Each structure stands twice: as C-alpha cells, then as structure tokens.
Amino acid sequence: MPESKRQSSARPKRSSALKWGLLVIGLTLLTACASGPQPPRPAELGPVTALLGVQAAWSAQVGASSTVLTPLALADRVFVAGGAGTVAAIDAASGQELWRLNLETPLAAGVGSDGRTVAVVTLENELVAITDGRESWRARLPARVFTAPLVAGERVFVQTSDRTVLAFDAKNGARLWREERPADPLVLSQPGVLLAVGDTLVAGFSGRLLGIDPRNGALRWEVALATPRGINEIERLVDLVGPVSRVGNSVCVRAFMRSVGCVDAARGTLAWSRPARGSVGLHGDERLLFTADANDRVLAWQRDSGEPVWESARLQHRNLSGPLVLGRVVVFGDNAGWVHLLSREDGSEMNRLSTDGSPILAAPVLAGNVLVVQTRNGGIYAWRPQ
C-alpha cells in the first residue's frame, strides 16, 4: 500500500474540526461536531491596558497559509514563508526585504536556516534548499513533514511523519543518513521537536525525546516524557509538540494532552515531568516556563522543579499560540489575531496588539529587539517594545 494511504494525522483536540487520515473516524467526528454543543465562548477582552510601551515597526505579506509555517529569527533577520510557495528574508530592524523567492508550489513546513541555507518542505514531500535567495537543490522525502527543517553544521535535518529522521548535505542535497523508528497509526499535523543541543541532534518521537549523533544518525540516548495509554489510537496519541524551551543543556517540552517535562540533553536524563493537558508548546528562561493548557489558561512553572507558580484564565478559549518570553512579559497570539503581552510575574495584561484579525498559529519570535508574528492570512507584523 502506498505510504500516503498508510499515513494518518490529527489536529489538536481544541480545533473546531479534526482531520484524520482514516475516513470513518473523520466522518464520525464531523457528525459529532455538527450535532454536538457549541464550543465555549472565548473570554471577553476588556479595554487595552498599555502598561508596557510598544511601537509598530513594520509589516509585510507572504501570502495566506492553511498550515503552520513557523517564522524563524536569526540575529537581525527574519525568515518567513507563505502557503503558496513564497519564501522571504527580511531585515528585522528596517523591515526591508533582503530577498523573496516564489517556489510556485504549496508549502507544508518551514522555515529552517543557519543564516546561509534556508530550507522548506513542499506539500509534494520535497525538501527545498535556498541559498542567497535562489533555489539550490531539492530532495524527495519518504512521507509528509509538519516540522520545520533544522539547518546546522552544514547539514539539513528533516523529521517526517513516519518517524524517520534524515540528514542531507546543505551544499548539494546528498543524503547522508536515514534513521527510522516504528511508526504510530496517528501523528499530529503540527510542528514537533527538532533542535541541536551542542553536538547532539534532539528529536521528538511519540512521547519520547531522542538524542542522535548528527554525523551518522546513531542513537545516543532516549528519554520518555509520556507513555501512550487508552483503549484506541486517538487516546494513545502522545506526540511531543513545539516550540520547546532550551537553556543550556536543559530542554523542556510538552507531550500533546499529557504532560510537560524537562530533560538534561547532555546526560540524556529526565529532570522532571508533570501531568498537563494542552496542545501548544512552551517557552521560558532560566527561572520560569510558560504555556497554555487545553482551555487556554496561561500557566507558569518553576523550571528547575516543575512546581506551579501561577495560572491565569483571562484568555480562556481564545485558541492561543505557543508563547515567547520577552523580558518582563510573556507573549501569546490568539485565534482573532490579537497579540497579548502578559506580565511574567502574575499573568496580568501589559499590552495588547492587533494584526489583520486572522489566527496567529505559530509562536511569536524575537529578532534583535523586534517582536514578530505571522498570521494565517500571511501578514507579518513587527513591533519594538519600549
């Protein structure tokens, strides 16, 4: 049976419609959504409380997208992509486009870059590398991709939905190695975990975090953050989701609808894990971690122990994005295109910013001293916190 027929995928439980590769399950869920109760009403937003000054910097447009294409900030540059195939590099300080390329094919995942090579993945399962604004090579992938490629050490790493990690030479696209793991019947169609920690490639597989030798794909360590449980494959779905919070060798990550935990990526050991239902990733610093739960309550934990610090229900049911810690605030986007700046100390509102009114699906990023978000309609918005 072709690979595409064996794959199935799920969107987070919080979405209004769940898209599964299994037709019978999809029809059952759609019928239930049509006949069931209405979703909870989003929390009402009061007048804007501007306790932190923010200045609009610039805006751009890369085209609408039905997928989560994650903007990438590197030093003073922002790399962005639109669903129809536009990829661009923008100077974060001025908003000036450094280059723009139309690949003329829909995109499924991106953007990854080391500052020189930019990598995205098409809906046709092709990895595309771009250098200095020009396409340099393409490589065929064995399955769909939902996680942005990682470009590091003159290599491009890709994690596919069939639990395969592949490494390519960033200069010419030659495949260097391929590491496969047992595939699950269902996987999430949202970005997972793929990052470099020192000389180790760290990737999420089901409810486990793996440390991989980037030279040859050999497994160095494996840590379980969540164990599949339940009577069916939907209940047993425990993918790790991005974004993650990395401080030194500490990597903290969420297991979809199960838990949050931190791993020592140098030793390959679990520091702590705590039950926590939610579908978006997390971010933090040396002291605190932040995320939103399944009902969009914003939560803060101690990074070293996992002990709760505070929670806030002021943004409940607003379909929050992953967070970004920015100085004394933590930043979330929501389904109505609002950008919320909350106090990192208690979750109180510090400011609220508007975009084009379409959902902000990916976590905000920081490029230099500029805060950047991307909306589903393809708007790129940047501000300078004062």
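A single member of LEU210, LEU188, LEU194 is of a type outside the set (S, T, N, Q), within 18 Å of ARG254 (Cα to Cα) and modelled with pLDDT under 95, and it is LEU188. The set of residues in the range 250-266 that are touching a residue at least 24 places away in the same chain (Cβ under 8 Å) and within 15 Å of TRP221 (Cα to Cα) comprises SER250, VAL251, CYS262, VAL263, ALA265, ALA266. Which of (1) farther than 23 Å from GLU222 by Cβ; (2) open to solvent by 10 Å² or more (accessible area, probe 1.4 Å) does VAL331 not meet, given it meets every other one? Failing condition for VAL331: (2). The set of residues in the range 95-107 being of a type outside the set (S, T, N, Q) and either in a loop (DSSP other than H, G, I, E, B) or open to solvent by 60 Å² or more (accessible area, probe 1.4 Å) (or both) consists of GLY95, GLU97, LEU98, ARG100, LEU103, GLU104, PRO106. Against the criterion of being within 22 Å of LEU209 (Cβ to Cβ) and open to solvent by 10 Å² or more (accessible area, probe 1.4 Å), MET257 qualifies. For the range 343-386, filtering for residues that are assigned to a strand (DSSP E or B), open to solvent by less than 10 Å² (accessible area, probe 1.4 Å) and closer than 17 Å to VAL280 by Cα leaves 1. Among the residues of the range 276-315, the ones that are open to solvent by less than 60 Å² (accessible area, probe 1.4 Å), out of contact with any Pro (no Cβ under 6 Å at 6 or more places or on another chain) and not in a strand (DSSP E or B) come to 13 in all. Keeping to the range 217-245, report how many residues are surrounded by 19 or more Cβ atoms within 10 Å (Cβ to Cβ) and under 21 Å from SER305 (Cα atoms). Summing the residues that are surrounded by 19 or more Cβ atoms within 10 Å (Cβ to Cβ) and under 21 Å from SER305 (Cα atoms) in the range 217-245 gives 9. Being out of contact with any Leu (no Cβ under 8 Å at 6 or more places or on another chain), open to solvent by less than 10 Å² (accessible area, probe 1.4 Å) and touching a residue at least 12 places away in the same chain (Cβ under 8 Å) holds for only one residue in ALA57, ALA92, ALA64, and it is ALA92. With respect to the stated conditions, THR147 is within 18 Å of ALA363 (Cβ to Cβ), open to solvent by 10 Å² or more (accessible area, probe 1.4 Å), in a loop (DSSP other than H, G, I, E, B) and modelled with pLDDT of 95 or more. The single condition among (1) open to solvent by 10 Å² or more (accessible area, probe 1.4 Å); (2) of a type outside the set (A, V, I, L, M); (3) modelled with pLDDT under 95 that GLY110 does not satisfy is (1).
The values are calculated or read from the model by the stated rules, or taken from the named source; none is laboratory data. On a predicted model such as this, the values are computed, not experimentally measured, just so you know. As a convention, Cβ positions derive from the backbone with ideal geometry for all residues, glycine included, and neighbour counts pool all protein chains shown. Quick note on the areas: whole protein, heavy atoms, side chains included, nothing else; ligands and nucleic acids left out. Shrake-Rupley method; radii C 1.70, N 1.55, O 1.52, S 1.80 Å.
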